[in-house]
Amino acid sequence: MSKNLFLVLLLSLPLPLAHAGEAKPTAEDPVLEKHVMALSHKLRCLVCQNQTIADSNAELAIDLRNQVREKLKQGESDEAILSYMSSRYGDFILFQPMVKSTTWLLWFGPLLLVLLGICVLIFMLRQRRKLMQKVQNISDEDHARAASLLSEKI
Amino acid sequence: MKRAFIPLVIFVSLVVFLWIGLSLNPREVPSPLVGKPAPMFRLPQLHDASQTISPEDLLGKVWLLNVWASWCETCLQEHPLLVAMAQRNIVPIYGLNYKDKREDGIAWLNNHGNPYVLAAYDRAGKVGIDWGVYGVPESFLVDKAGIIRHKVIGAIKPSDMQQLMALIKELNGE
């Protein structure tokens, strides 16, 4: 009994210590950690491509977060870090693509499509109005003829 | 009659776009480092921690940097090809042992053959990040002026060899 109790005590002893060790980086400097996470949300994890490195627990994402943390500690600006990352991994790593000549279609393409849609809509509405005018120009005789045809029993 | 073809045209163009989209490999992100100077590093050697290795030492020759690790399954697939390349002296291959334990890396090379002239030891993976490594294996062909000329993402396949060898010849000025 006492041997068991001793074992339990022994096992439970290092647990809180280990836990404290793991949580340390966040506790160390919450402001920095917040900054790291904010920046990490802008960077794509290239292993699990639809996640940011803030969301992902892939080893690469952890390494990249550490890299971001280190660079922030060295006093680098957000822009400098983002441009460092895109110079190493390509623009694909940026979750929000930069606006430049190669991304114009990406940024303004949807707007172009909406404009195109509006043009088509206006064109179709005009066609419709013309058609309606034709219908309104039907003479009284024709109306009467149509009415009698419709009331005929088959 | 003409109007009837409009949905067909839209459908066919959608299929074409989808086809192209599906045939691309999203894992292969083109590296912005191709055509740029190789990022500098000075790392301890895998086999001898007291010695270092740097791309600086290799200026003046065409060489291949192969990023690999003992825990990497795909590395094992490409390994025989690297060994064969080394045997035929196609290009000097330098290894970058990425996020590995030193003894594991050495043991792995002892088991499977060592194609590397020298291997650098990147325990923390920092140099890997600097080179834009996101999945091992990755290989970079560096020219005499220290410019990265080509990158292979994933295992080098026999089908890549023709292109790679032509490029090596060209860079060597043959």
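For the stretch B:53-86, backbone nitrogen atoms closer than 19 Å to the point 7 Å from B:Ile147 Cα along Cα-to-C-beta are found at B:55-65. The simple Förster model, with R0 at 41 Å and r as the Cβ-Cβ distance, assigns A:Val135 and B:Phe17 a FRET efficiency of 0.50. Under 5 Å from the amide H of B:Thr52 lie the amide H atoms of B:Gln45, each residue being 5 or more positions distant or on a separate chain, with H modelled from the backbone and absent for Pro and chain starts. For chain B, the gyration tensor built on C-alpha atoms gives a prolate shape. Its axis ratio a/c (a ≥ b ≥ c) is at least 1.5, and a/b is the larger of a/b and b/c.
Using modelled backbone amide H atoms (1.01 Å from N, in-plane), which distant-in-sequence or interchain residues come within less than 5 Å of B:Lys36's amide H? Sorted by chain and number, the residues that satisfy this are B:Ile148. Normalised by the residues of chain B, what does the relative contact order come to in percent, with Cα pairs under 8 Å and at least six apart? Worked out over chain B, it gives 28 percent. In this simple spin-label model, placing a label point 7 Å from the Cα along the Cα-to-Cβ direction at both B:Ala49 and A:Asn66 gives a separation of 1.7 nm. Here is the tail figure for the protein assembly as shown: Cα pairs spaced more than 24 Å apart come to 69 percent of all pairs.
Rounded to 0.05, the FRET efficiency of the B:Lys157 and A:Leu125 pair, given R0 = 56 Å and the Cβ-Cβ distance, is 0.45. Could you tell me whether the stretch B:66-160 comes out rounded, prolate or oblate from its Cα gyration tensor? Rule is a ≥ b ≥ c as square roots of the eigenvalues, rounded for a/c under 1.5, then prolate if a/b exceeds b/c, otherwise oblate. Rounded. Shielding of peptide B:123-132 by partners, expressed as the average count of other chain Cβ atoms within 10 Å per residue Cβ, is 4.
From most to least packed by mean Cβ count within 10 Å, the peptides B:115-124, A:140-149 give B:115-124, A:140-149.
Remark on B:Ala120: its backbone amide H falls under 5 Å from those of B:Leu46, B:Gly95, B:Leu96, B:Asn97, a criterion applied only to residues 5 or more positions apart or on other chains, H modelled at 1.01 Å from N.
The phi torsions of the stretch A:92-97, fed into the Karplus equation with coefficients 6.51, -1.76 and 1.60 and a -60° offset, translate into couplings of 4, 6, 7, 5, 9, x Hz, rounded to whole numbers, with Gly and Pro shown as x.
Per the Cauchy relation, a quarter of the hull surface: what is the mean projected area of the convex hull of the alpha carbons in the stretch A:45-141, in nm²? Taking the Cα atoms of the stretch A:45-141, their convex hull projects to 10.5 nm² on average. Among beta bridges from DSSP that stay inside the protein assembly as shown, the antiparallel ones total about 60%.
Can you list the residues of the stretch A:95-136 with backbone N under 20 Å from a point 7 Å past the Cα of B:Leu24, pointing along Cα to Cβ? Only A:95-113 fall inside the zone, counting backbone N under 20 Å. Charged neighbours of B:Asp122, selected by a Cβ distance under 14 Å, balance to 0 (K, R count +1; D, E count -1). What FRET efficiency do you get for A:Asn50 and A:Leu115 if R0 is 30 Å and r is their Cβ-Cβ distance, rounded to the nearest 0.05? The value I calculate is 0.50. The relative contact order of the stretch B:1-96, computed from alpha carbon pairs under 8 Å that lie at least 6 residues apart in sequence, is 19 percent. Whole-Hz Karplus values for the stretch A:45-54 come out as 7, 7, 7, 10, 5, 9, 10, 7, 6, 6 Hz, taken residue by residue from phi with 6.51 cos²θ - 1.76 cosθ + 1.60 and θ = phi - 60°; glycine and proline positions read x.
We did not get these values from a lab; they are worked out from the coordinates using the rules stated. All of these numbers come straight from a predicted model, not from anything done at the bench. Note that each Cβ is placed from the backbone with ideal geometry, even for glycine, and that neighbours are counted across all protein chains shown.
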